[in-house]
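Colleague: Please find one structure pasted underneath; my questions will follow.
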């Protein structure tokens, strides 16, 4: 077998044009499976997605298997060019968020194709990028690029990867690799590619308050009976300044290492702007900031406190004049490097207990933050690969979200981790009308092929 590290761009472009129908039919098959990991009613769909994934991997010449865990299974595959060659492991997840069909313009689990845009739940998070990397690996195999490519496709990422670390530890020898590639991150905009090197952690909580045994008539008890919704609203107002987002819980920022001056400059020079940020995410306004640097730092490098819902009382049409007997607030804290979820939970619980002794704090999952480097041979290869595919120098930024599997792979496998995402803000991560497009998929295939070629040369 003759190996090569050179890429025949004519052959690559021909391959990408030719593979498009297969890519689109494969993506539709995968998106049409409602692999919602947080809903036990979709257990059979999870199993179906796993079997489809194995079939896709085998179709490009990889070996593949479904590996059981204590929770949902993990799909593992590999293409071995030779033991003497470097190994890169590509991680993706193929479980998805729930989707309410009534809110969508198109059916969320019946993928529609419109002018090169793929509409459906999971198209961009993360089934589209997973298949993009898969078909790039097919080309690398056919062209005898001297690199071993392993695949880990998870089915619990959207619920915090509770079984993933144990899976890694149990299969550590099989999963041995030189580096890891993650394709589950977002660009700044279509005009400016981005490579992430950090992820925020997460501590979710539910605060419950019960002040009676049943809802009661406000005309009979109003003015004297406690109102748990009002008390939780007051508690939340004491936790943070809603106008600026600044958290008032004592000690909240104590362990934060602010982004360096170089990082802050990179954030601004990346092309970030609040106007474009608002447009991409369909926001009519944002919180007050003193400048663009602070705005970028808030979404990438500072911890957050957000309220996701207050539940209680009457929520039907009109007004039903009752005083509710119980309520709960759903809250999350995004965390940055050096902030420990356990410590933050204890800090928050202490604050709540002092302000509202009757309230109960229930932890709802936690993830540690991850912060890597934005230098080194793998990120250099990533940068060159993005420029090769999309014609522009990428920006190095942090990611505001969380991927629990990254922390686990860093802990257990202990090799360099590189992020080469393809999603755009307008693709709608976790939002209604999620989509992906052929422009990103075709460019992504070029990017991954180039990356595999460059990684094969790293000693």
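Colleague: Across region 345-377, what is the number of residues that are within 17 Å of residue 397 (Cα to Cα) and either outside the structural domain of residue 408 (by TED's automatic domain parsing) or in contact with a strand residue (DSSP E or B) (Cβ under 7 Å, 6 or more places away or on another chain) (or both)?
Modeller: The number of residues fulfilling the criteria is 6.
Colleague: Run down 405, 441 and say which single residue is assigned to a helix (DSSP H, G or I) and under 26 Å from residue 297 (Cα atoms).
Modeller: Values: 441 fails: under 26 Å from residue 297 (Cα atoms).
Result: 405 is the single residue among 405, 441 that is assigned to a helix (DSSP H, G or I) and under 26 Å from residue 297 (Cα atoms).
Colleague: Ok, one more. Quick one: would you say residue 280 is outside the structural domain of residue 250 (by TED's automatic domain parsing), outside any strand (DSSP E or B) and either closer than 24 Å to residue 211 by Cβ or within 20 Å of the chain's Cα centre (by Cα) (or both)? Give the steps one after another, and end with the answer.
Modeller: On the way: outside the structural domain of residue 250 (by TED's automatic domain parsing): yes; outside any strand (DSSP E or B): yes; either closer than 24 Å to residue 211 by Cβ or within 20 Å of the chain's Cα centre (by Cα) (or both): yes.
The answer is yes for residue 280.
Colleague: Please determine whether any residue of region 325-340 is surrounded by fewer than 21 Cβ atoms within 10 Å (Cβ to Cβ), in contact (Cβ under 8 Å) with a residue 40 or more places away in the chain, touching a helix residue (DSSP H, G or I) at 6+ places or on another chain (Cβ under 9 Å) and not in a strand (DSSP E or B).
Modeller: So far as region 325-340 goes, yes, one or more of its residues are surrounded by fewer than 21 Cβ atoms within 10 Å (Cβ to Cβ), in contact (Cβ under 8 Å) with a residue 40 or more places away in the chain, touching a helix residue (DSSP H, G or I) at 6+ places or on another chain (Cβ under 9 Å) and not in a strand (DSSP E or B).
Colleague: Let me ask you something else. Can residue 448 be described as in the same structural domain as residue 31 (by TED's automatic domain parsing), under 26 Å from residue 31 (Cβ atoms) and surrounded by 22 or more Cβ atoms within 10 Å (Cβ to Cβ)? Talk me through it step by step, then tell me what you get.
Modeller: Values: in the same structural domain as residue 31 (by TED's automatic domain parsing): yes; under 26 Å from residue 31 (Cβ atoms): yes; surrounded by 22 or more Cβ atoms within 10 Å (Cβ to Cβ): yes.
So residue 448 fits the description; yes.
Every residue, every condition in (1) in contact with a helix residue (DSSP H, G or I) (Cβ under 9 Å, 6 or more places away or on another chain); (2) surrounded by 13 or more Cβ atoms within 10 Å (Cβ to Cβ); (3) closer than 30 Å to residue 189 by Cβ; (4) in the same structural domain as residue 325 (by TED's automatic domain parsing), yes or no:
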residue	(1), (2), (3), (4)
211	yes, yes, no, yes
225	yes, yes, no, yes
243	no, no, yes, yes
253	no, yes, yes, yes
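Colleague: Scanning region 215-232 for residues that are assigned to a loop (DSSP other than H, G, I, E, B) and in contact with a strand residue (DSSP E or B) (Cβ under 7 Å, 6 or more places away or on another chain), which turns out nearest to residue 356 (Cα to Cα)? Don't jump to the end; show me each part of the working.
Modeller: Restricting attention to region 215-232, the residues satisfying the condition of being assigned to a loop (DSSP other than H, G, I, E, B) are 215, 222-227.
From what's left, in contact with a strand residue (DSSP E or B) (Cβ under 7 Å, 6 or more places away or on another chain): 215, 222, 225, 227.
Working: 215: 20, 222: 20, 225: 16, 227: 13 Å.
Once the filter is applied, the top-ranked residue is 227.
Colleague: If you take just the strands (runs of 3 or more DSSP E) that sit entirely in region 10-117, which of them hold at least 3 residues that are crowded, with 20+ Cβ neighbours inside 10 Å, in contact (Cβ under 8 Å) with a residue 12 or more places away in the chain and in contact with a helix residue (DSSP H, G or I) (Cβ under 7 Å, 6 or more places away or on another chain)?
Modeller: 74-79, 87-93
Colleague: Considering only residues that are surrounded by fewer than 20 Cβ atoms within 10 Å (Cβ to Cβ) and under 18 Å from the mean Cα position of the chain (by Cα), look in region 303-324 and name the one that is nearest to residue 228 (Cα to Cα).
Modeller: 308
Colleague: Could you count how many residues in region 114-163 are touching a strand residue (DSSP E or B) at 6+ places or on another chain (Cβ under 6 Å) and on the phi > 0 side of the Ramachandran plot?
Modeller: Of the residues in that region, 3 qualify.
Colleague: Looking at region 288-311, is at least one residue at pLDDT below 95, assigned to a loop (DSSP other than H, G, I, E, B) and in contact with a strand residue (DSSP E or B) (Cβ under 8 Å, 6 or more places away or on another chain)?
Modeller: Yes, that holds for at least one residue.
Colleague: Based on what the data block shows, is residue 280 at pLDDT below 90, touching a strand residue (DSSP E or B) at 6+ places or on another chain (Cβ under 9 Å) and buried (at least 17 other Cβ atoms within 10 Å of the Cβ)?
Modeller: On the way: at pLDDT below 90: yes; touching a strand residue (DSSP E or B) at 6+ places or on another chain (Cβ under 9 Å): yes; buried (at least 17 other Cβ atoms within 10 Å of the Cβ): yes.
Spelling it out, residue 280 is indeed at pLDDT below 90, touching a strand residue (DSSP E or B) at 6+ places or on another chain (Cβ under 9 Å) and buried (at least 17 other Cβ atoms within 10 Å of the Cβ).
Colleague: Can you find, within region 417-437, the residue that is nearest to residue 381 (Cα to Cα) among those that are touching a residue at least 24 places away in the same chain (Cβ under 8 Å) and surrounded by fewer than 20 Cβ atoms within 10 Å (Cβ to Cβ)? If you could, list the steps in order and put the result at the bottom.
Modeller: To start, the set of residues in region 417-437 that are touching a residue at least 24 places away in the same chain (Cβ under 8 Å) comprises 417-430, 432-437.
Adding the requirement that they be surrounded by fewer than 20 Cβ atoms within 10 Å (Cβ to Cβ) leaves 425-426, 429-430, 432-433.
Details: 425: 24, 426: 27, 429: 26, 430: 30, 432: 34, 433: 33 Å.
Among residues in region 417-437 that are touching a residue at least 24 places away in the same chain (Cβ under 8 Å) and surrounded by fewer than 20 Cβ atoms within 10 Å (Cβ to Cβ), the one nearest to residue 381 (Cα to Cα) is 425.
For (1) assigned to a loop (DSSP other than H, G, I, E, B); (2) in contact with a strand residue (DSSP E or B) (Cβ under 6 Å, 6 or more places away or on another chain), each residue gets a yes or a no:
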site	(1), (2)
165	no, no
169	no, no
177	yes, yes
180	no, yes
195	no, yes
198	no, yes
203	no, yes
213	yes, no
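The values are calculated or read from the model by the stated rules, or taken from the named source; none is laboratory data. Because the structure is predicted, anything quoted here is derived from the model rather than measured. Cβ atoms come from the backbone with ideal geometry, glycine included; neighbour counts cover every protein chain shown.
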